[in-house]
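The values are calculated or read from the model by the stated rules, or taken from the named source; none is laboratory data. No experiment lies behind these values; they were computed from the predicted model shown. A quick note on method: Cβ atoms are made from the backbone with ideal geometry, for glycine too, and the neighbour counts reach across all protein chains shown. Heads up: the accessible areas ignore ligands, DNA and RNA and are worked out on the full protein's heavy atoms, side chains in. Shrake-Rupley method; radii C 1.70, N 1.55, O 1.52, S 1.80 Å.
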Amino acid sequence: MKAIILLGAPGSGKGTVAERVRDRCAYLHVSTGDMLRDAVKRGTETGRQAEGYMKRGELVPDAVINLLVDQRLDAGTPDAGYMFDGYPRTIQQADMLAASFSKRNGSIRKVFLLETPRDVLISRLTGRRTCRACGTCFHVVNIPPKRDGICDACGGALYQRPDDQEATIVNRLDVYMRQTESLIAFYEKQGLLMRINSNRQAEASAGEVVRAVQALD
Ligand code: ADP
Ligand code: ZN
């Protein structure tokens, strides 16, 4: 079992890069944000526990996330490659990931840090529109859908995530700085960190990640 991790602030383009890498490299995309939104939509116990935190832009408690990821890994094949997007987000989650990977004889191969200036993050998030059906993201200015309000990929309806409102965005960026940024030093010390300039077209940052991932295998 092997993994790569996409690390970066909300709006840094983790999801978009992940889609490109998934299409070109053999890594399963695991987005805890998507898993949580799905749990909320289905009204599961996890969804009920997570919903309030997500609306406020706070982190869902580590215990909930760790269980969710552990179940996902248990359901997978032992030799699978995973690409984590939006996970881990705290040192406690990173410790748990390290433990569950060593238990399964797995290794974390690389951590990609997507770096983007704060003002760019804010304009990306306020303009973001997400497909309710398949989760594909668009942007009202940067990546407009071909038809207003309609997903190019599946024809589903686009909506603005409740946590993409401006007040919540600022909170999410603060939460990232307070709780997630310490992971940069954590992975840098282990020699796993690679910095990616994410202040450009998704295609360019994704291409750099894809080449680095292909060089791993
Ligand atoms: P973004 O990176 O744009 O904030 P995500 O879809 O990754 O979006 O996350 C949305 C929300 O889901 C977060 O604000 C948080 O409430 C919750 N969440 C997702 N992943 C985690 C995680 N690993 N730990 C705690 N909360 C999480
Ligand atoms: Zn769609």
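Table for the structure above
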item: Alpha-carbon spread of the range 117-164, three principal axes, descending order, Å; result: 32, 20, 12
item: Within the accessible area of the chain (1.4 Å probe), percent carbon and sulfur; result: 50
item: Cross-link reach list, lysines versus LYS110, counting only Cα pairs under 25 Å and skipping chain neighbours closer than eight places; result: LYS2, LYS14, LYS189
item: Rounded to 5, the percent of DSSP beta bridges in the chain classed as antiparallel; result: 25
item: The chain, helix-only ellipticity at 222 nm - DSSP H runs n ≥ 4, -39,500 (n - 2.57), divided by all residues, nearest 500; result: -14500 deg cm²/dmol
item: Summed residue charge, Cβ within 13 Å of PRO144's Cβ, Lys/Arg positive, Asp/Glu negative; result: +2
item: Computed over the range 121-188: relative contact order in percent, which uses C-alpha pairs under 8 Å that are six or more apart; result: 30
item: Of the DSSP H helices in the chain, those whose Cα atoms cover at least 27 Å axially and whose Kyte score averages -1.0 or more; result: none
item: Percent RCO, i.e. relative contact order, over the chain, from Cα pairs under 8 Å lying at least 6 residues apart; result: 32
item: Computed Kirkwood radius, in angstrom, where 1/r is averaged over Cα pairs of the chain; result: 17.7
item: Three principal axis lengths of the range 62-141 [C-alpha, angstrom, descending]; result: 45, 29, 24
item: Net charge over other residues, Cβ less than 14 angstrom from the Cβ of PHE101 (K, R count +1; D, E count -1); result: +2
item: Mean Cβ count within 10 Å, highest first, over the residues of peptides 3-9, 60-66; result: 3-9, 60-66
